[in-house]
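Let me begin by presenting the structure, written as structure tokens, before commenting on it.
The values are calculated or read from the model by the stated rules, or taken from the named source; none is laboratory data. From a predicted model like this one, the values you see are computed outputs, not experimental measurements. Because the Cβ atoms are built from the backbone with ideal geometry, glycine has one as well, and the counts that use them run over all protein chains shown.
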Amino acid sequence: MSSTISKNCFEAFQTDDFYTILGITAEEKEDLTDAILKKAYHRKSMEWHPDKRREEGAVAKFQVVADAYRILLDPRMKAIYDAEGLVDDDNFVSSNDEVVNGQEEVQIFNNDQEEVPLYFIIEAPGYEIRQRISGTTTIFVFDFNDPTKFYHFYCHGRNVYSCTKCQKKKHICNASLGERSNGEQYIKMKNDHVCEPIEYYDDETVTITNFEEYKSENGQELFIFDDDDRSNFYKYYYLKPQKCYVCAQCQKNGGKMTQAIIIPKTGELVAEAFHLCLPQPYIPKIKEPNFLIRETKSGNPQITVFADKSKKSCYKFKWHKKSGYVCCNKKCSITGRILKPAKGKKFFQLYKQHKCNPVPYKSS
């Protein structure tokens, strides 16, 4: 029996070898894991996505890549393909015909009386489950129209996942992980996103030596420097529930909180490599006696930072419970904190440059 899948492969790539089409090496083929397969698929799907490749044949190549991934991901279909090749297309139909990606589970009606899906059932490879370095689980649900993009869901309860970017917009879009009687998993996702999907990224982790850890008034902070001269850095703060550090700027951008942990036995720092933000310019530590701490009449601490060695002018900072110390000039409002390393003296740390001018210093 002729195979339509094989014909499509030859027309698109001049071969029906799925491993070659996906760029999987002979060594990777010998010990093929789901992680290797997924990385290969997303690399090739991004390469041949019709929105990125306008030339003729891109759509066909994109579909063949999806077919190759779908078949190799299924243990039954992979075993048939490895043994017999693409002989009979009937061998490569999913054994589970209950749902397909994007199938509507429940329907409601909008004001125009049009049917609108309330939930979607997502089958593999339409989603990806990842274990974070903190031990928490996140789910990537790929966009139906563009598998190079996804919605990021974090776990905030027993089998309850929420879209990170939707939450930033003060909206809750939930998903849950289900399992069928045959052991196959699926995602049930509510169809009410108010955010846009983000670009796919690999789950690479790196060991970092160029970092500093401090204690602050509100907890712990971590600086990861992006270069040897320490001119740029990522600022992290510690999350007690997850027992890890998270990138502060990535958290503000939404979609992902890049994590880092310090291994207690070795003191090494392991961090996720991908960021949704760019490193910010590092401002050198302000050490004593270049700053003073005083109490105001209300009993709150106030920081005075001298603008130069003459100590004739200064910047003043008032205490704020959430932000630390905030510049007293309302037009500036930059923040700083008193930080202390495990060994050494405390210092004052600014995170951005002043937008205001210093004021005359008065000792009284």
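Sub-8 Å Cβ pairs linking a first residue in the stretch 34-56 that is over 19 Å from ASP203 (Cβ atoms) to a second residue that is in a loop (DSSP other than H, G, I, E, B), at least 6 apart or interchain, are GLU47/ARG53; HIS49/ASP146; HIS49/PRO147; HIS49/THR148; ASP51/ASP146; LYS52/THR148, ordered by first then second residue.
How many of the residues in the stretch 317-345 are basic (Lys, Arg) and buried (at least 18 other Cβ atoms within 10 Å of the Cβ)? So the count comes out to 1. Per the conditions (1) more than 18 Å from GLU213 (Cβ to Cβ); (2) of a type outside the set (A, V, I, L, M); (3) part of a strand (DSSP E or B), the sole criterion not satisfied by LYS331 is (3). Exactly one residue out of PHE140, PHE144 is at pLDDT 85 or above and under 30 Å from ILE24 (Cα atoms): that is PHE140. Residue count for the stretch 114-154 under the criterion of being crowded, with 18+ Cβ neighbours inside 10 Å, hydrophobic (A, V, I, L, M, F, W, C) and closer than 18 Å to GLN242 by Cα: the result is 2. Listed by first and then second residue, the pairs with beta-carbon distance under 8 Å, at least 6 apart or on different chains, first residue in the stretch 184-203 and surrounded by fewer than 15 Cβ atoms within 10 Å (Cβ to Cβ), second in a loop (DSSP other than H, G, I, E, B) and among the charged types (D, E, K, R), are VAL194/LYS169. For the stretch 156-165, the candidate set comprises residues that are over 13 Å from MET257 (Cα atoms) and not aliphatic (A, V, I, L, M); within that set, the residue that is modelled with the lowest pLDDT is GLY157.
For the stretch 193-227, a residue qualifies if it is acidic (Asp, Glu) and either closer than 16 Å to ALA342 by Cα or assigned to a loop (DSSP other than H, G, I, E, B) (or both), and the qualifying residues are GLU196, ASP202, ASP203, GLU204, GLU212, GLU213, GLU217, GLU221, ASP226, ASP227. Being at pLDDT 85 or above, of a type in the set (A, V, I, L, M), in contact with a strand residue (DSSP E or B) (Cβ under 6 Å, 6 or more places away or on another chain) and under 30 Å from ARG76 (Cβ atoms): is that true of ILE224 here? So ILE224 does not fit the description; no. When you check LYS331 against the structure, is it free of Cβ contacts under 8 Å to residues at least 60 places away in the same chain, farther than 18 Å from ALA248 by Cβ and not assigned by TED's automatic domain parsing to the domain that holds ALA248, yes or no? Here the answer is yes, as LYS331 does meet what is asked. Filter the stretch 1-51 down to the residues that are among the polar types (S, T, N, Q) and in a helix (DSSP H, G or I), then identify the one that is modelled with the lowest pLDDT. Top of the filtered list is SER45.
Considering each residue of the stretch 244-254 in turn, at least one proves to be touching a Cys at 6+ places or on another chain (Cβ under 8 Å) and part of a strand (DSSP E or B). In the stretch 265-310, the residue that is surrounded by the most Cβ atoms within 10 Å (Cβ to Cβ) out of those that are of a type in the set (Phe, Trp, Tyr) and in a strand (DSSP E or B) is PHE291.
Okay, residues lined up against (1) farther than 14 Å from ILE71 by Cα; (2) within 25 Å of the chain's Cα centre (by Cα); (3) assigned by TED's automatic domain parsing to the domain that holds TYR69:
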residue: ASN8; (1), (2), (3): yes, no, yes
residue: GLU11; (1), (2), (3): yes, no, yes
residue: THR15; (1), (2), (3): yes, no, yes
residue: PHE18; (1), (2), (3): no, no, yes
residue: GLU27; (1), (2), (3): yes, no, yes
residue: ASP31; (1), (2), (3): yes, no, yes
residue: ILE36; (1), (2), (3): yes, yes, yes
residue: ALA40; (1), (2), (3): no, yes, yes
residue: ARG43; (1), (2), (3): yes, yes, yes
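Being surrounded by 15 or more Cβ atoms within 10 Å (Cβ to Cβ) and either under 17 Å from PHE10 (Cβ atoms) or in the same structural domain as ASP16 (by TED's automatic domain parsing) (or both) is the requirement here; does LYS61 meet it? Against the criterion (surrounded by 15 or more Cβ atoms within 10 Å (Cβ to Cβ) and either under 17 Å from PHE10 (Cβ atoms) or in the same structural domain as ASP16 (by TED's automatic domain parsing) (or both)), LYS61 qualifies.
Listed by first and then second residue, the pairs linking a residue in the stretch 342-361 that is assigned by TED's automatic domain parsing to the domain that holds ASN290 and in contact (Cβ under 8 Å) with a residue 60 or more places away in the chain to a residue that is surrounded by 10 or more Cβ atoms within 10 Å (Cβ to Cβ) and in a loop (DSSP other than H, G, I, E, B), with Cβ atoms under 6 Å apart and 6 or more places separating them unless they lie on different chains, are PHE347/LYS285; LEU350/ILE283; LYS352/ILE334.
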